[in-house]
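What follows is one structure encoded as structure tokens, with my remarks underneath.
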Amino acid sequence: FEQGERSGMMGIRRGGHGQQLGAVTAINGNNLTVKISNVDYTIVVTDATSYSKAGNIAKQSDLKVGDTISISGNSNSQGQITATVISIQ
């Protein structure tokens, strides 16, 4: 992981990059709620977020509550993660 102040999310550092595996518990527009290690995190997706599923290109509409996803992104001071890559497991 790159340098940066550590956030509450294990493995993702504020201002840096990391990757986590979690379960989608809610989808509200461009905000996902993902449970990682029994803690809910807000994941922000943007037009720049890329998606994949089973090695193929996917899109945000392919995400469903209950999906397990791998998230790469940057955390901010509010504890949210802006996702750069989401892989649907």
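The values are calculated or read from the model by the stated rules, or taken from the named source; none is laboratory data. Just so it is clear, the model here is predicted, and its values are computed rather than measured. Please note: Cβ atoms are built from the backbone with ideal geometry, for glycine as well, and neighbour counts cover all protein chains shown. Ligands, DNA and RNA are stripped out before the accessible areas are found, and what is left, the full protein with its side chains, is counted by its heavy atoms. Shrake-Rupley method; radii C 1.70, N 1.55, O 1.52, S 1.80 Å.
Ordering 47, 67, 62, 40 by how much accessible area each has at a 1.4 Å probe, largest first, what is the list?
Descending accessible area places them as 47, 40, 62, 67.
Under a plain spin-label model, where a point goes 7 Å from the Cα along Cα-to-Cβ, how far apart in nm are residue 57 and residue 33?
About 3.3 nm separates the two model spin labels.
If R0 is 25 Å, what FRET efficiency do you get for residue 23 and residue 85 from their C-beta distance, rounded to 0.05?
The computed FRET efficiency comes out at 0.90.
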